[in-house]
1. Could you give the length gained by full extension between LYS224 and GLU199, i.e. 0.36 nm per residue of separation minus their alpha carbon distance, to one decimal place?
2. Expressed as a fraction of 2.2 N^0.38 Å, the rule-of-thumb size for a compact globular protein of N residues, what is the C-alpha radius of gyration of the range 99-245?
3. Using alpha-carbon pairs under 8 Å, 6+ residues apart, how would you state the relative contact order of the range 49-184 in percent?
4. Sort ARG229, ARG99 by heavy-atom solvent-accessible area, probe 1.4 angstrom, most to least.
5. Using R₀ = 25 Å, calculate the FRET efficiency as 1/(1 + (r/R₀)^6) where r is the Cβ-Cβ separation of LEU142 and THR92; round to 0.05.
6. Under a crude label model (7 Å from the Cα following the beta-carbon direction), how far is ARG232 from ARG43 in nanometres?
7. Tilt of helix 36-46 relative to the longest C-alpha principal axis of the chain, in degrees (0 to 90, nearest 10)?
8. By how many degrees, between 0 and 90 and to the nearest 10, does the Cα long axis of helix 10-20 differ from the longest principal axis of the chain?
Amino acid sequence: MIRITLLLVFGGIFGLAMATEVPTYLWAKISIPQEAIAALPERAQSAGIPLAVAGGAGWLEFVGTETEEDLLSSNAYLYLDGPFFLLGVSGTNGSAFLRGEQTEAEIICFGDPEALSHMVSLLDSLGLLSPGTEVEFTERPLSLKIPTPPEGVKLDPVLWGLLLHPDWFAFARDYGIERVGLRVRVVAEVEGMLPEKYEPYIQSSSDGLVSLLVPIPLLDDLGKEAVVRLVRPPYKPHPVAPANP
């Protein structure tokens, strides 16, 4: 049995959050055992966890459920997209996520730590923890403002805010960002050809504009590419006001 030591007194940290009325969440980073992600789909199915798997064009194939709405209503669910994954757990008054790629991931917990306890149990059963793992959680404030991207990261602030937010799905919904699984639709304004690694995510291109359906974790890399001037959400057309009679 793999055991995980939580080096945090939950009562104290949640009591502090309630006393100050500052929205906070718990965060930690863990290492993923080698080959664990390759075995994750089979182990998840054996555990009865529904999956959403991204196909070549990014569109989702569901396993163990029929729709994304049903998937997200489950107590636990899993998204897989190439090297990227997100495991979600819902509790009565809280939620927890494990999101990352191949060898490392971050654990995030909101609200009641019951969801985190369930997440720890799943990490054990799914083989996502090495024996003797200790995880130290820190409390992080939940920013209510859109952050400014750092110099050299040419992302629209809303996309930078999405990348940093502990709940990608809620942020995308609240800010009208089109999401398909772990990917979002963006437009890159470029002055040349994007590197080959973005080819699988390109939907169309013309006149210095490239439309992509790109995994959220790749937004940072995309925004740092030398040929990129800006990565932004697609512009949405506004309806034409009717002419006055």
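The values are calculated or read from the model by the stated rules, or taken from the named source; none is laboratory data. Treat the numbers as computed from the prediction; the structure is a model and nothing was measured. Cβ sites come from the backbone with ideal geometry, for glycine too, and all protein chains shown count toward neighbours. Quick note on the areas: whole protein, heavy atoms, side chains included, nothing else; ligands and nucleic acids left out. Shrake-Rupley method; radii C 1.70, N 1.55, O 1.52, S 1.80 Å.
1. That works out to 7.4 nm of additional length.
2. Here the Cα radius of gyration is 1.29 times the empirical estimate.
3. Computed over the range 49-184, the figure is 17 percent.
4. So the residues, ranked largest to smallest area, are ARG229, ARG99.
5. My answer for the efficiency is 0.80.
6. 4.3 nm
7. It works out to around 70 degrees.
8. 50 degrees
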